[in-house]
Amino acid sequence: MDVIYRYDPFAPLSLPKIPDSAAAIRRLVEGNERFSEIVRRMQLRTLGDDAGTPIVIPVSPISLGLPLYQGAMPSQAPFAVVLGCSDARVPTEAIFDQSFNDLFVLRVAGNVLGAEGLGSIHYAMAHLGENLKAVVVLGHSKCGAVTASVDAYLSPEGYTDIAFTYALRSIVNQIQIAVRSSAKALEDRAGKPLSEIREFRSLLVAVSVYVNAAVSALALQQEIDQAGRKDPKVHFGVYDFETVRVRCLPETGKGTSGLRAAPASGTDLVAYATEVAKTFLSLDDAVRDFNCMLTMQL
Ligand SMILES: [Zn+2]
């Protein structure tokens, strides 16, 4: 199969501005849809099927955010800030099909929000504000940092082995609120102790990944609100390895992909954790295992 980047030397030298937060989020979601379509066709071809017609992506130096001529330097003009995990399998620009100069990216294990990350976001908002229309927190399935935090929760006696340095503890501890909220949501929905739920460890990791992204999104939205700004709006989602889609609820076959607005409060966060737990628990065993068990193959 062919994926063709077709250069157009006569493309306009300026790109249309992204007007608002909704348009910025749409651009990210549509980019992820393009990425997933490319992956889907690659998978078809790998299996020996016809991958269909070539995928042609029109490009120009401007659309790629590259210098128009030697010695030129484009101004920094990202339309979104993305806080993601450091996991090497989740390259932010690639999965949103974005290019140079499109995204202001912070990647920290477990997509947790620390002082330096927050400082970077303050910088972006202060100096890149004109173009910046959205802030996104991106978690991902199979997250090792979330798994470590789940293990610290389930086996406190192993905590020192899991988080043996101050810096590691700061990550594991930050994710604990998501893990505890997820455990409570699962117990409430299932009506029994966590340890009595089938495959509870992998299920808790799967739920916590979603809730952890929501926790960081809530914290970021509160920062923006406290600064007296009405935008950019914070959204969040989870990159799902199984479907290569960014989604705000687990795969159910009912179109739950996309990004979701940050919870507005702790109450909203608890309601979201309940919704994620309910969705996972509603899946058939085989489907849930497919979504959750692969999480543990780290
Ligand atoms: Zn991760």
- Note on the structure: Restricting attention to segment 32-52, the residues that are touching a residue at least 12 places away in the same chain (Cβ under 8 Å) and touching a helix residue (DSSP H, G or I) at 6+ places or on another chain (Cβ under 8 Å) number exactly 4
- Message: Exactly one condition in (1) surrounded by 16 or more Cβ atoms within 10 Å (Cβ to Cβ); (2) modelled with pLDDT under 95; (3) at negative phi is false for residue 298; which is it?
- Response: (1)
- Could you say which residue among 29, 59, 3 is under 24 Å from residue 92 (Cβ atoms) and in contact with a helix residue (DSSP H, G or I) (Cβ under 7 Å, 6 or more places away or on another chain)? 3
- Message: Can you report the number of residues in segment 174-219 which are in a loop (DSSP other than H, G, I, E, B) and of a type outside the set (Val, Ile, Thr)?
- Response: 5
- Note on the structure: Residue hits (segment 129-173; within 13 Å of the ligand (Cβ to nearest atom) and in a helix (DSSP H, G or I)) are 144, 145, 146, 147, 148, 149, 150, 171, 172
- Task: Being over 16 Å from residue 3 (Cβ atoms) and not small (Gly, Ala, Ser) is the filter; apply it to segment 41-52 and report the residue that is farthest from the ligand (Cβ to nearest atom).
- Result: 49
- Item | Out of 264, 217, 271, 227, sole residue that is buried (at least 21 other Cβ atoms within 10 Å of the Cβ) and small (Gly, Ala, Ser) | 217
- Name the residues in segment 98-112 that are within 16 Å of the ligand (Cβ to nearest atom) and either crowded, with 21+ Cβ neighbours inside 10 Å or in a strand (DSSP E or B) (or both), would you? 105, 106, 107, 110, 111, 112
- Could you identify the single residue in 95, 38, 55 that is within 16 Å of the ligand (Cβ to nearest atom) and either charged (D, E, K, R) or surrounded by 12 or more Cβ atoms within 10 Å (Cβ to Cβ) (or both)? 95
- Subset of segment 220-232 [touching a residue at least 40 places away in the same chain (Cβ under 8 Å) and either assigned to a loop (DSSP other than H, G, I, E, B) or under 15 Å from the mean Cα position of the chain (by Cα) (or both)]: 220, 227, 229, 231, 232
- Message: Given the criterion at pLDDT below 95 and closer than 29 Å to residue 119 by Cβ, identify the matching residue among 100, 96, 10.
- Response: 100
- Message: Any residue at all in segment 65-88 that's at pLDDT 90 or above, away from the ligand (no atom under 16 Å from the Cβ), over 22 Å from residue 210 (Cβ atoms) and part of a helix (DSSP H, G or I)?
- Response: no
- Query: Would a scan of segment 183-206 turn up a residue that is in contact with a strand residue (DSSP E or B) (Cβ under 8 Å, 6 or more places away or on another chain) and buried (at least 20 other Cβ atoms within 10 Å of the Cβ)?
  - Reply: no
- Task: Report yes if residue 90 is over 20 Å from residue 232 (Cβ atoms) and within 12 Å of the chain's Cα centre (by Cα), otherwise no.
- Result: yes
- Message: Take the residues in segment 113-123 that are away from the ligand (no atom under 16 Å from the Cβ) and within 19 Å of the chain's Cα centre (by Cα); name whichever of them is nearest to residue 174 (Cα to Cα).
- Response: 118
- Message: Quick check on this structure: which one of 276, 246, 270 is modelled with pLDDT of 95 or more, touching a strand residue (DSSP E or B) at 6+ places or on another chain (Cβ under 6 Å) and of a type in the set (Val, Ile, Thr)?
- Response: 246
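The values are calculated or read from the model by the stated rules, or taken from the named source; none is laboratory data. The structure presented is a predicted model; accordingly, all values stated were derived computationally and were not measured. Counting neighbours? That spans all protein chains shown, and the Cβs are built from the backbone with ideal geometry, glycine included.
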